[in-house]
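Enquirer: Dumping the structure here so I can ask a few things about it.
Since every read-out is calculated from the coordinates, none of them should be taken as a lab result. Owing to the predicted nature of the structure, the values given are computational and were not obtained by experimental measurement. Cβ placement follows ideal geometry from the backbone for every residue including glycine, while neighbour counts extend to all protein chains displayed.
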Amino acid sequence: MTMSTRVPVQKTYKLYIGGEFPRSESGRTFDFLDAKGRHIANVSQASRKDFRNAVVVARTAQKAWAGKSAYNRGQILYRLGEMVEGRRDQFVAELRQQGSSAADARREVDDTIDCLIHYAGWSDKYQPLFSTVNPVASPHFSFSVPEPTGVVALIAPDDSALLGLVSYLCPIIVGGNTVITLTSEKKPLSAITFAEVVATSDVPAGVVNILTGYRSELLSQIAGHMDVNAVAYGGDNLEERKIIQSQASLNVKRVIFAESSAESPYAILATQETKTTWHPIGL
Amino acid sequence: MSTTTAEKTAPLQWNYAPAPESVDPKLRKRYDLFIDGKFVPPVEGNYRPSINPARETTLAEVADATAPDVDKAVKAARKAYTKVWSKMSGKERGKYIFRIARLLQERSREFAVAETLNGGKSIRESRDTDIPLAAAHFFYYAGWADKHDYAFPGRRAKPLGVCGQVIPWNFPLLMAAWKIAPALATGNTVVLKPADTTPLTALKLAELIQDAGLPPGVVNIIPGGRPTGAAIVQHPDIDKIAFTGSTAVGKWIQKELAGTKKKYTLELGGKAANIIFEDAAIDQAVEGIINAIFFNQGHVCCAGSRLLVQEGVADTVIAKLKERMATLIVGDPLDKNTDIGAINSREQLGRIEALVATGSEEGAEMWQAPCELPAKGFWFRPTLFTNVSQSHKICRDEIFGPVLSVLTFRTEDEAVEKANNTAYGLSGGVWTDKGAKIFKVTRQIRAGVIWANTFNKFDPTSPFGGYKESGSGREGGWHGLMPYVELE
Amino acid sequence: MDSKVQALKLALSMIDQTTLEGSDSPGKVKQMCYKAMHLHDALPGLPHVAAVCVYPTMVRTAKEELKGSGIHVAAVATAFPSGQADHETKLLDIKYAISEGADEVDMVISRGHYLNGEFNYVYDEIAEFKSICGDVHLKVILETGELGTLDRVRHASDLALAAGGDFIKTSTGKVQPAATQTVTLVMLEAVRDFYQRTGQRRGMKPAGGIKTAKQAIQYLVTVNETLGSAWLTPDLFRFGASTLTNDILMQLVKESTGVYQSSDYFSQA
């Protein structure tokens, strides 16, 4: 007599664009193998057109996202933290599939949650920190406030698949920007699972877009796109930095080469513009 | 009381007597490069005449720095950084900068005359705006030098090292102050290149820096043209580039620095919308429009060069504008009555003329103030284009001259959309008596400086800089410290 | 020329650049006309659009601005967009548009009568309007979004073509759904069958909701594969659109520079 063992249902890993999970328009995938060389998933290989489509939805979503109250944006980031907490085991398992030890995986998930909660709290606090009322010599009221730069492309770091992504992503979105992320190509799984978290956390469609694919193929197109306001780069490869900055110069994109992903309001400031407004006092 | 006597007299033709400013600008016949605290001749021995654009006469011969001079200046700046300036306490550094501010205040009229002679701007502006603001800038940043611990909570601010600074010809001394003051206050040393047409006040500033006893090499001033600027940008021992000028050059710099660890701030072009709503105080707005576009002959990156008028008041505004433009006094920049001085150079005049020609070719209607222009020198009449379309070249390209394009709009949303339909994002203006509308519209304009019911106001405490292709980074205020420090 | 660039330029030349807002003013129309003539001067070798499409009160302004450009002025008339007016009013509307100088008239059918089964009324109305138009091109808007079924779309298309409409057009742009590819295919088939029956080539204009270069190319492929290349001309195929133009321009500049574009660099009107 044979006992039938249950066959587990495997997950399809797709892109996350505009609140949906499409496959790459190019129809391409790449193999993701675990440390022992076993096939784990066919990961979508995003094309430049997928990126372009993501920019369109990110641009459309940006105004409304920036227009939400800081309190509201804070709660949405907090909700992201709650959702990751609820999926701890899944994230830990996935990080282990991607090569982390059990202890490292647990620590990375903990730190990811804490990072989300940390930035949730910043949503309504970085503004007073970086705003000024300017004591000008003439009879005018002059004040300067941060405003989101707009649409940001994030090249997520390769080394940490979840925390690396989230620690760069949080300061971008908490400040009212929308983002298109190219994930670590070596460890893409947890980024897509994070997209599922985003999709169920009241983050409006288009605010966070997550692409899996090859950096070597997409970097130049991403950095050259004229409707992207800033590129944040989580790597340290000088050749890649060179490509990013020379392409960015086409429209004077802001280029953020953050040396560390440490939690800090200055990381938020990196994708903020400063707007100064003047008005006369008196007649 | 009888008025018969008065009635019999012919109407008075009252012409203002010339009122030229007469303070001696104390210019030398020849200026060398200011490197390591001394004036030294250029390695390749080239000098070029620096002229008065209002008369086309030579004011002085000025050394032209080439790559070997840049290298000398960078070495001096590096030495001064390592040995002296980065080791000095903020308090002491601040006192040097305060000294510069004070010396400049004392000699401000002399500097104003030099600025006007060399750049062509009216003495009223150099006397009341350029020089006082330059002095105020030094005074403001001097005060920051010993207060870094309070500026960046949770972090320690470290200087970057040697800063290469390249500045334009529209506000020669003021731009030098905007660049040098924050760099010194944060502990950096400087190699500064003034623009090739307007080096004189920067070189006078070098004399003043000697008088202030600033340690040699902390500030080096080396005039030259584009190749000099390029040599600064490309010099391997410079840690940061600060540039004010055209967007095209700014993009070149950003690209050139790609793959290096050099930091940069870019203050680039603009095509600001000045939005007049029908509920604005119209006469006040007309005065504001004049100031927005004709200040400094329109040689202003943040000039309000695209006038957006709500359709209901467009005819009134245009009529009043023409009336006001007709009263502008164009002529001798040294005359205290002059509103609009000379165009900075023959080259710039040619650029303005070429762009204005496209305006007429593309079907916009041109109107120019009927003023008389001097026979010698470079001049351009205050010019207004109506019937302008958003696709017109004069409406999309920065003209950098006294030329205003008028567009109309119907609704607030349309005004914002048109204001933002540009590659630039430096400044903007909004005129309305409704407070709520001011906040709504100023928030929606994608630009770094918005003037509501005023225009072209500047102050050292108030950050300035652009969105999008108008540049990155801010100058002035607390925000102006950030581009000159590394946060640890 | 690469086939994509060819298609994009063809699509540009087929656009009826449209503004149909209550808030339209001569200022807005002038801006649009200039843009119609100078789509993107930085990119040489571009065609101009086929026509600008405005309310009758704006025809004179548009006509003046476009003088000598070869761009037509189309006016919407006959109680656009609802068609809910008496016959006399519609006649006056169409005559006014023509007297102001319209080269083309975009009329709406009386959907109320049509849905009541009064097909003769609708047919006669179109025929009468065409007789008033003479050389002025008449485009018949079916407002397919209100017809409900594809059968009715086909039937109304046949009726409009038989009554003498030079073009059949999907929509006013004021009703959802506006142009769709399915509805357009059905109407193109009516045009095809009419040609096969009569030997006369009539035109087709999808309007409303066509916003991207990609959509435009898809429509052109449908035209090419349903009617053949004889219809790939602004004389027989148009796009009614207000924002399509800049999207096509952005794609064309992308083709020449290699980088994706932003609307900041393209004048809106």
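Enquirer: Can you grab the distance from the C-alpha centre of region B:56-76 to the C-alpha centre of region B:242-271, Å, no decimals?
Expert: 22 Å
Enquirer: Using R₀ = 35 Å, calculate the FRET efficiency as 1/(1 + (r/R₀)^6) where r is the Cβ-Cβ separation of A:Lys68 and C:Lys174; round to 0.05.
Expert: 0.65
Enquirer: How far apart, in nanometres, would the label points at A:Asp202 and B:Asp397 be if each is projected 7 angstrom from Cα along the Cα-to-Cβ direction?
Expert: Going by the 7 Å Cα→Cβ label model, 5.2 nm.
Enquirer: Now for a different question. Would you calculate the separation in nanometres between label points at C:Glu225 and B:Asp279, each defined as 7 Å from the Cα along the Cα-to-beta-carbon direction?
Expert: Result for the modelled spin labels: 5.5 nm.
Enquirer: Equivalent-ellipsoid semi-axes (√(5λ), Cα gyration tensor) for region A:223-283, whole Å, largest first?
Expert: 30, 17, 7
Enquirer: Just subtract the alpha-carbon distance of A:Lys125 and A:Ser216 from 0.36 nm times their residue separation and send over the number in nm, one decimal.
Expert: Additional length available on full extension: 29.0 nm.
Enquirer: Could you please report the charge total around A:Ser26, scoring K, R as +1 and D, E as -1 over all other residues with beta-carbon less than 14 angstrom from its beta-carbon?
Expert: +3
Enquirer: Any idea what the dipole of region A:171-283 comes to, in debye rounded to 20, about its Cα centre with Lys/Arg Cβ at +1 and Asp/Glu Cβ at -1?
Expert: For this selection, approximately 200 debye.
Enquirer: Quick one: what does P(r) look like for region C:125-209 with 10 Å bins over all Cα pairs, in whole %?
Expert: 20, 53, 26, 2
Enquirer: Grab the other residues whose beta carbon is less than 12 angstrom from that of C:Phe266, score K and R as +1, D and E as -1, and report the net.
Expert: -1
Enquirer: What shape does the protein assembly as shown take by its C-alpha gyration tensor, where a ≥ b ≥ c are the square roots of the eigenvalues and a/c under 1.5 counts as rounded, a/b above b/c as prolate, and the rest as oblate?
Expert: Because a/c hits 1.5 or more and a/b fails to exceed b/c, the protein assembly as shown counts as oblate.
Enquirer: Label points 7 Å out from Cα along the Cβ direction at C:Gln200 and B:Ile329: separation in nm?
Expert: 7.5 nm
Enquirer: Assign unit charges at the C-beta atoms only (+1 for Lys and Arg, -1 for Asp and Glu), then state the dipole size of region B:181-304 relative to its Cα centre in Debye, rounded to the nearest 20.
Expert: In debye, rounded to 20, region B:181-304 gives about 720.
Enquirer: Okay, moving on. Counting residues in region C:180-266 as N, plug N into 2.2 N^0.38 Å and put the Cα Rg over that result.
Expert: Rounded to two decimals, the normalised Rg is 1.24.
Enquirer: If Lys and Arg each add +1 and Asp and Glu each add -1, what is the summed charge of the other residues whose beta carbon sits under 13 Å from the beta carbon of A:Val109?
Expert: Here the charged neighbours net out to -3.
Enquirer: As a test of the formula, what do you get for chain C when each DSSP H run with n ≥ 4 contributes -39,500 (n - 2.57) and the sum is divided by the residue count, at 222 nm and rounded to the nearest 500 deg cm²/dmol?
Expert: Dividing the helical sum by the residues of chain C leaves -14500 deg cm²/dmol.
Enquirer: Rounded to the nearest 10 degrees, what's the angle between the helix B:90-106 long axis and the longest principal axis of chain B, both from Cα atoms, 0 to 90?
Expert: The angle comes out at about 40 degrees.
Enquirer: Can you give the helix-only mean residue ellipticity at 222 nm for chain B, where every DSSP H stretch with n ≥ 4 adds -39500 (n - 2.57) and the sum goes over all residues, rounded to the nearest 500 deg cm²/dmol?
Expert: Here the helix-only value at 222 nm equals -11000 deg cm²/dmol.
Enquirer: Counting partner chain Cβ atoms within 10 Å of every residue's Cβ in A:238-245, what's the average?
Expert: That average works out to 3.
Enquirer: Can you give me the Cα centroid spacing of region C:192-262 and region B:150-176 in angstrom?
Expert: Spelled out, the Cα-based centre of one part sits 54 Å from the other.
Enquirer: Exposure proxy check: C:Phe266, B:Phe464 ranked by fewest other beta carbons within 10 Å?
Expert: C:Phe266, B:Phe464
Enquirer: What fraction of the Cα pairs in region B:187-238, stated in percent, has a spacing above 16 angstrom?
Expert: 44 percent
Enquirer: Using the Kirkwood radius over C-alpha pairs as Rh, can you work out the diffusion coefficient of region B:321-376 via Stokes-Einstein at 4 °C, viscosity 1.567 mPa s, in µm² per second?
Expert: 100 µm²/s
Enquirer: What is chain A's relative contact order, in percent, from Cα pairs under 8 angstrom and six or more apart in sequence?
Expert: 24 percent
Enquirer: For a test of the definition: using alpha carbon positions, the gyration tensor, and the 1.5 limit on a/c, classify region C:71-157 as rounded, prolate or oblate.
Expert: Judged from the Cα gyration tensor, region C:71-157 comes out prolate (a/c at least 1.5, a/b above b/c).
Enquirer: While we're here: Between A:Asp104 and C:Lys214, what is the FRET efficiency for a Förster distance of 56 Å, r being their Cβ-Cβ separation, to the nearest 0.05?
Expert: The pair A:Asp104/C:Lys214 has a calculated efficiency of 0.80.
Enquirer: To the nearest 20 debye, what charge dipole does chain B have about its Cα centre, counting +1 at the Cβ of each Lys and Arg and -1 at the Cβ of each Asp and Glu?
Expert: 1760 debye
Enquirer: If you don't mind, another one. When ranked by the protection proxy of mean other Cβ atoms within 10 Å per residue, highest first, what sequence do the peptides A:159-171, C:156-168 form?
Expert: A:159-171, C:156-168
Enquirer: Taking chain A as the reference, fit the longest principal axis to its C-alpha atoms, fit the long axis of helix A:189-199 to the helix C-alpha atoms, and give the angle between the two in degrees, 0 to 90, nearest 10.
Expert: Helix A:189-199 and the main axis of chain A meet at about 60 degrees.
Enquirer: Here is a further query. Let a ≥ b ≥ c be the square roots of the eigenvalues of the Cα gyration tensor of region A:119-255; is it rounded (a/c under 1.5), or, if not, prolate (a/b larger than b/c) or oblate?
Expert: Cα axes put region A:119-255 in the oblate bin.
Enquirer: If only Cα atoms are counted, what is the Rg of region C:5-91, and what is its Dmax, in Å?
Expert: Cα only, region C:5-91: 14.6, 48 Å (Rg, Dmax).
Enquirer: Two-decimal Rg/Rh of region B:1-133 from alpha-carbon positions, Kirkwood Rh?
Expert: On the Cα set of region B:1-133, Rg over Rh gives 1.23.
Enquirer: Follow-up question, since we're still on this one. Eigenvalues of the Cα gyration tensor times 5, then square-rooted: what semi-axes does that give for region B:224-306, in whole angstrom, largest first?
Expert: After diagonalising the Cα gyration tensor, the semi-axes are 37, 13, 9 Å.
Enquirer: So, in Å, what gap is there between the alpha-carbon centers of region C:107-144 and region B:429-488?
Expert: 56 Å
Enquirer: Quick one: the Cα spread of chain B along its three principal axes, in angstroms, biggest first?
Expert: 76, 51, 50
Enquirer: Highest mean first, what order results for C:93-101, B:140-148 on Cβ atoms within 10 Å?
Expert: By packing density, highest mean first, the sequence is B:140-148, C:93-101.
Enquirer: Say R0 is 56 Å: what FRET efficiency, to the nearest 0.05, do B:Thr316 and A:Asp159 get from their beta-carbon distance?
Expert: 0.30
Enquirer: On a 0 to 90° scale, report how tilted helix C:87-99 is relative to the longest principal axis of chain C, with both axes built from alpha carbons and the result rounded to the nearest 10.
Expert: Roughly 40 degrees between the two axes.
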